[in-house]
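*Asks:* Before I ask anything, here is the structure I am working with.
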Amino acid sequence: MAEEHLDVLTKSGHKTGISKPRGYVHRDGDYHRAVHMWIFAENTQQLLLQRRADCKDSWPGLWDISSAGHISAGDSSLVTARRELQEELGIVLPKDAFEMIFIFLQECVINDGKYINNEFNDVYLVTTLDPIPLEAFTLQETEVSAVKYISYEEYRSLLAKEDPDYVPYDVNGQYGRLFDIIEQRYKENTVARSLALQKQLHRYASVSLNAELTGVTDADREALVLIVKAATIMDEIFNLQVWYSNPVLRDWLKEHADASELDKLKWMYYVINKSPWSCLDEDEAFLTTADSAIKLLPEATQQVTGWKGLEYRAAFPMLKPPGANFYPPDMDKKEFELWKDSLTKDKQDATGFFNVIKRHSEFGLESFLSNDTADVTNRFVDSTYDLCIVPFSQEYNPFLKKAAELLCKAGDLTSSSSLKRLLHSKANAFLSNDYYDSDIAWMELDSKLDVTIGPYETYEDALYGYKATFEAFIGVRDDKATAQLKLFGDNLRILEQNLPMDSMYKSEDVIAAPIRVIQLLYNAGDVKGPQTVAFNLPNDERIVNDRGTSMVMLKNVSEAKFKHILQPISDVCITKEQQELVDFESFFTHTICHECCHGIGPHTITLPNGQKSTVRLELQELHSALEEAKADIVGLWALRFLICQDLLSKSLLKSMYISFLAGCFRSVRFGLQEAHGKGQALQFNWLYDKGAFILHPDETFSVDFSRVEGAVESLSREILTIQAKGDKEAANLLLQKYGKMTQPLKIALQKLEKIQVPVDIAPIFPIANKILE
């Protein structure tokens, strides 16, 4: 049998592209990867240990981790963890049982210098309810001679004393985190945790959003019932897109919400965030795997008389995975890039909006563990690499099939021909995975009942910004407000030609952006945390280049945010002399201009080497924050331009800058992990640095009107030029320098914290709730 080969890593843990036999790796002290799996029984607070077989070349006969193993060359971490557990202990577990808790670098020399171990270990925790009966294990004799459970506190004590019967780990160093994590989870103060959750919840003002249905035909009201039901399915898909164990966590929290006051608070805050990570706290986890669903898996081990089987907690990591559930959790960027570059042109869907990336080995392992030989279809396969593409239409098929049926029926009912076209084409797109026609139909929608449904925004993909999440916005068009806004869409071409950037980067093909103003009556899917006041879609560059974009403004959401958030922020943070200039008109008008400005500036670009690309592809994970900053700051520039052309009232000139300043504090409170928050921090700090914003001794702020116009124009030029060049390095430097929490921002946020101004709204939808009842 050929000796196992391992990938050789650099000292910082990156692949060198070289692999060597395992024996040579340990002889030469090469850095490599392995997995550690700890099985923890929460009811007894015990860890499972294995005694290493006497024939092992390292630490023979000593008690060690529940299960561990090298990651073979070309293999992935999670697949290895699952396989090792099955091979060494006879335990077959799905991927949602494994929680990656940290990476541990072990550097040691044993066996008289003959065995050098420089190992990056991915440390996983599997949380079971009770200890697994010892007779349920099937031990691999060449690896494991025995297993036992031991209290985690006793085990920590034995390691601290360097007991000779146990493989040594420094519990005061990196490996102490294992014990700290367990202790924090199970020795928490329930009262303190309830108070913390209450404080987090109070940052959202609960607001009822109604829409006047007068003018909506009876046929459209019938269709509305089915559309709202289809929208709820976007929630189900989005839950799964966030993380693979997220749907079962949601169901568990809902089912147990009445068990205690703490359980009720967990559920209430989960509903706002749609995940265990808090949007307003830089995605810090407010739940742990200890709060998660309990799943019974009788077939996980050998059956034991009188024992119903293994019960485990569906796991999720404490750190929000940047790739969400769009990519394998153990995939790194280098692996993705090498695979992507190997794909033939007709399969260059790796960076597409409407698919997920999976592992062949995961499908293979599932088949191996379940003895299933099911055919793997509709995947772009390349045997050299472990990654493959699965279209949304396949990945979310049961959900999309159901949503398509509802939209088809709604399309048959509606009295609006353009809404009928949208609903039918969207239903087809859900099943075909081709969204082009349905997005064109959405842009041409001319109906009292306004519907946006499908995969659009890419914020959740923090790894690359490629993959789209499902969402739905249903509202009633405000005809009067819509008519008033035609000015903005009609002037996009003029704005493009006058943008503060070199003419060589300007587009001749800007198309007027239609704007629809609606009163929102329901939203679903990717609408977690802070609520959007507007959106500019689609994001598909093919359509942006061919047809431009369309905008939807959510007027009742804007009004609620102005009343509950922006006005109170202004009262606290803006100097008395300038407070009266903060008004809804300037806030709403800038929001419109922000959305318009997503449609101008660089999108499809030519790189210095002459190659065609897009800003999104070149800036990758930095694109969202920079694009939001661009839309904001160029929106301010555009308002001034339109005022100077006598197309808008001069009364806006000062109020728009003051309202923007107050709005900076509103958006930065979303957190700097969020694209709008990071983009807003960049703008505030640039304008403050240029003297356009002034901090006074009484800790209030004002705008210096003599400097603000120049500062707005210089930042607009900076961002537009970075985008036009596709210069990721420059984007990174700009965001690192300015997209951070500075002292002036901290001063403002502390003041708002003291008087507890809400950070955002949590909408309630009476009309939709009545339908869903």
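*Asks:* Which members of the range 581-613 meet the condition of being among the polar types (S, T, N, Q), open to solvent by 10 Å² or more (accessible area, probe 1.4 Å) and under 20 Å from residue 633 (Cβ atoms)? Full working, then the answer.
*Replies:* Keep residues of the range 581-613 that are among the polar types (S, T, N, Q), which gives 586, 589, 591, 604, 606, 609, 611, 613.
After this cut, where a residue has to be open to solvent by 10 Å² or more (accessible area, probe 1.4 Å) as well, the list is 589, 591, 604, 606, 609, 611, 613.
Those that are among the polar types (S, T, N, Q), open to solvent by 10 Å² or more (accessible area, probe 1.4 Å) and under 20 Å from residue 633 (Cβ atoms): 589, 591.
*Asks:* Go through the range 236-249 and give me each residue that's more than 14 Å from the chain's Cα centre (by Cα), crowded, with 22+ Cβ neighbours inside 10 Å and in a helix (DSSP H, G or I).
*Replies:* First, pick out the residues of the range 236-249 that are more than 14 Å from the chain's Cα centre (by Cα): 236, 245, 247-249.
Next, from what is left, pick out any that are crowded, with 22+ Cβ neighbours inside 10 Å: 245, 249.
Matches in the range 236-249: 249 only.
*Asks:* Does residue 219 meet the test of being in a helix (DSSP H, G or I), closer than 27 Å to residue 100 by Cβ and open to solvent by 10 Å² or more (accessible area, probe 1.4 Å)? Spell out how you get there, then give the answer.
*Replies:* Values: in a helix (DSSP H, G or I): yes; closer than 27 Å to residue 100 by Cβ: no; open to solvent by 10 Å² or more (accessible area, probe 1.4 Å): yes.
So residue 219 does not fit the description; no.
*Asks:* Which condition number in (1) surrounded by fewer than 14 Cβ atoms within 10 Å (Cβ to Cβ); (2) modelled with pLDDT of 95 or more; (3) at negative phi is the one that residue 754 fails?
*Replies:* (2)
*Asks:* Return the total of residues in the range 161-175 being basic (Lys, Arg) and either part of a helix (DSSP H, G or I) or in contact (Cβ under 8 Å) with a residue 40 or more places away in the chain (or both). Working first, answer last.
*Replies:* Residues of the range 161-175 that are basic (Lys, Arg), as a first pass: 161.
From what is left, the residues that are either part of a helix (DSSP H, G or I) or in contact (Cβ under 8 Å) with a residue 40 or more places away in the chain (or both) are none.
Residues meeting the conditions: 0.
*Asks:* Given the structure, is residue 82 modelled with pLDDT of 95 or more, within 28 Å of residue 13 (Cβ to Cβ) and not in a loop (DSSP other than H, G, I, E, B)?
*Replies:* Numbers: modelled with pLDDT of 95 or more: yes; within 28 Å of residue 13 (Cβ to Cβ): yes; not in a loop (DSSP other than H, G, I, E, B): yes.
For residue 82, the condition - modelled with pLDDT of 95 or more, within 28 Å of residue 13 (Cβ to Cβ) and not in a loop (DSSP other than H, G, I, E, B) - is met.
*Asks:* May I pose another question? In the range 123-140, how many are open to solvent by 10 Å² or more (accessible area, probe 1.4 Å), in contact with a Lys or Arg (Cβ under 9 Å, 6 or more places away or on another chain) and either part of a strand (DSSP E or B) or under 22 Å from residue 53 (Cβ atoms) (or both)?
*Replies:* 1
*Asks:* Quick one: in the range 714-741, of everything that is of a type in the set (Ser, Thr, Tyr) and more than 13 Å from residue 605 (Cβ to Cβ), which residue is nearest to the chain's Cα centre (by Cα)? Spell out how you get there, then give the answer.
*Replies:* Keep residues of the range 714-741 that are of a type in the set (Ser, Thr, Tyr), which gives 714, 716, 721, 738.
Those still in the list that are more than 13 Å from residue 605 (Cβ to Cβ) too: 714, 716, 738.
Working: 714: 31, 716: 27, 738: 23 Å.
Step by step, filter the range 714-741, then rank; the result is 738.
*Asks:* Which residue pairs have Cβ atoms under 6 Å apart, sit 6 or more places apart or on different chains, and have a first residue in the range 459-488 that is charged (D, E, K, R) and a second that is open to solvent by 30 Å² or more (accessible area, probe 1.4 Å) and outside any helix (DSSP H, G or I)?
*Replies:* 477/448; 478/519
*Asks:* Can you name every one of the helices (runs of 4 or more DSSP H) wholly within the range 594-697 that holds 3 or more residues which are more than 28 Å from the chain's Cα centre (by Cα)?
*Replies:* Details: elements: 615-619, 623-644, 652-668, 675-689.
Result: 623-644, 652-668, 675-689.
*Asks:* A follow-up question, please. State whether one or more residues within the range 267-288 are open to solvent by less than 60 Å² (accessible area, probe 1.4 Å), at negative phi, basic (Lys, Arg) and touching a residue at least 60 places away in the same chain (Cβ under 8 Å).
*Replies:* No, because not a single residue in the range 267-288 is open to solvent by less than 60 Å² (accessible area, probe 1.4 Å), at negative phi, basic (Lys, Arg) and touching a residue at least 60 places away in the same chain (Cβ under 8 Å).
*Asks:* Looking only at the range 614-634, decide whether some residue is in contact with a Leu (Cβ under 6 Å, 6 or more places away or on another chain), open to solvent by 10 Å² or more (accessible area, probe 1.4 Å) and more than 26 Å from residue 740 (Cβ to Cβ).
*Replies:* no
*Asks:* Just to be sure I understand the filter: pairs with C-beta atoms under 8 Å, separated by 6 or more residues or on different chains, first member in the range 100-111 and surrounded by 14 or more Cβ atoms within 10 Å (Cβ to Cβ), second member aliphatic (A, V, I, L, M) and assigned to a strand (DSSP E or B). Which pairs pass?
*Replies:* 100/123; 101/123; 101/125; 102/123; 103/123; 104/123
*Asks:* Consider residue 143 carefully, then state whether it is touching a residue at least 24 places away in the same chain (Cβ under 8 Å), closer than 26 Å to residue 315 by Cβ, of a type outside the set (Ser, Thr, Tyr) and in contact with an Asp or Glu (Cβ under 7 Å, 6 or more places away or on another chain).
*Replies:* Values: touching a residue at least 24 places away in the same chain (Cβ under 8 Å): yes; closer than 26 Å to residue 315 by Cβ: yes; of a type outside the set (Ser, Thr, Tyr): yes; in contact with an Asp or Glu (Cβ under 7 Å, 6 or more places away or on another chain): yes.
In short, yes.
*Asks:* Applying the selection to the range 85-116, what residues are assigned to a helix (DSSP H, G or I), within 31 Å of the chain's Cα centre (by Cα) and acidic (Asp, Glu)? Lay out the reasoning, then the answer.
*Replies:* Of the residues in the range 85-116, the ones assigned to a helix (DSSP H, G or I) are 85-89, 95-97.
Adding the requirement that they be within 31 Å of the chain's Cα centre (by Cα) leaves 85, 95-97.
96 - this is the single residue of the range 85-116 that is assigned to a helix (DSSP H, G or I), within 31 Å of the chain's Cα centre (by Cα) and acidic (Asp, Glu).
*Asks:* Okay, moving on. Report every pair of residues separated by at least 6 positions or lying on different chains whose Cβ atoms are under 6 Å apart, first residue within the range 633-653 and within 20 Å of residue 720 (Cβ to Cβ), second open to solvent by 10 Å² or more (accessible area, probe 1.4 Å) and in a loop (DSSP other than H, G, I, E, B).
*Replies:* Between residues of the range 633-653 that are within 20 Å of residue 720 (Cβ to Cβ) and residues that are open to solvent by 10 Å² or more (accessible area, probe 1.4 Å) and in a loop (DSSP other than H, G, I, E, B), the close pairs are 642/648.
*Asks:* Shifting gears a bit: Considering the range 384-415 alone, what residues qualify as being more than 30 Å from residue 77 (Cα to Cα), hydrophobic (A, V, I, L, M, F, W, C) and free of Cβ contacts under 8 Å to residues at least 40 places away in the same chain?
*Replies:* 404, 408
*Asks:* Name the residues in the range 561-580 that are open to solvent by 50 Å² or more (accessible area, probe 1.4 Å) and within 16 Å of residue 694 (Cβ to Cβ), would you?
*Replies:* Filtering the range 561-580 down to residues open to solvent by 50 Å² or more (accessible area, probe 1.4 Å) leaves 563-564, 567, 571, 576-577, 580.
Within the range 561-580, 576, 577 meet the criteria.
*Asks:* Any idea how many residues of the range 13-41 are touching a helix residue (DSSP H, G or I) at 6+ places or on another chain (Cβ under 8 Å), open to solvent by 60 Å² or more (accessible area, probe 1.4 Å) and in a strand (DSSP E or B)?
*Replies:* The total comes to 1.
*Asks:* Another question about this same structure. Of all residues in the range 50-79, which are under 20 Å from residue 7 (Cα atoms) and either of a type in the set (Phe, Trp, Tyr) or in a loop (DSSP other than H, G, I, E, B) (or both)? Show your work before the answer.
*Replies:* Kept after step one, since they are under 20 Å from residue 7 (Cα atoms), are these residues of the range 50-79: 57-58, 68-79.
Those that are under 20 Å from residue 7 (Cα atoms) and either of a type in the set (Phe, Trp, Tyr) or in a loop (DSSP other than H, G, I, E, B) (or both): 57, 58, 71, 73, 74, 75, 76.
*Asks:* Counting only residues that are over 30 Å from residue 614 (Cβ atoms) and outside any helix (DSSP H, G or I), how many does the range 722-772 have? Quick ask: steps written out before the conclusion?
*Replies:* Filtering the range 722-772 down to residues over 30 Å from residue 614 (Cβ atoms) leaves 741-772.
Filter once more, keeping what is outside any helix (DSSP H, G or I): 741-742, 755-765.
Here the count works out to 13.
*Asks:* Going through the range 207-249 one residue at a time, which ones are among the β-branched types (Val, Ile, Thr) and in contact (Cβ under 8 Å) with a residue 12 or more places away in the chain? Even if it seems obvious, please write down each step before you answer.
*Replies:* So the first thing to find is which residues in the range 207-249 are among the β-branched types (Val, Ile, Thr), and the list is 207, 214, 216-217, 225, 227-228, 232-233, 237, 242, 248.
Listed by number, the residues that qualify are 207, 216, 217, 225, 227, 228, 232, 233, 237, 242, 248.
*Asks:* Restricting the search to the range 176-212, which residues are in contact with a helix residue (DSSP H, G or I) (Cβ under 7 Å, 6 or more places away or on another chain), outside any strand (DSSP E or B) and surrounded by 14 or more Cβ atoms within 10 Å (Cβ to Cβ)? Lay out the reasoning, then the answer.
*Replies:* Start the filter on the range 176-212 by keeping residues that are in contact with a helix residue (DSSP H, G or I) (Cβ under 7 Å, 6 or more places away or on another chain), which leaves 179, 182, 185-186, 190, 193-194, 197-198, 200-201, 203-205, 207-211.
Restricting the remaining residues to those that are outside any strand (DSSP E or B) gives 179, 182, 185-186, 190, 193-194, 197-198, 200-201, 203, 209-211.
Correct list: 179, 182, 185, 193, 194, 197, 200, 201, 203, 209, 210, 211.
*Asks:* If you don't mind, there's one more thing I want to ask. Of the residues 678, 690, only one is in contact with a helix residue (DSSP H, G or I) (Cβ under 6 Å, 6 or more places away or on another chain), open to solvent by 20 Å² or more (accessible area, probe 1.4 Å) and modelled with pLDDT of 95 or more; which? Reasoning before the result, please.
*Replies:* On the way: 678 fails: modelled with pLDDT of 95 or more.
Residue meeting the stated conditions: 690.
The values are calculated or read from the model by the stated rules, or taken from the named source; none is laboratory data. Note that the structure is a prediction, hence the values are computed from the model and not measured. No Cβ is skipped: glycine too gets one built from the backbone with ideal geometry, and neighbour counts run over all protein chains shown. Areas reflect the complete protein model, heavy atoms only, side chains present, ligands, DNA and RNA absent. Shrake-Rupley method; radii C 1.70, N 1.55, O 1.52, S 1.80 Å.
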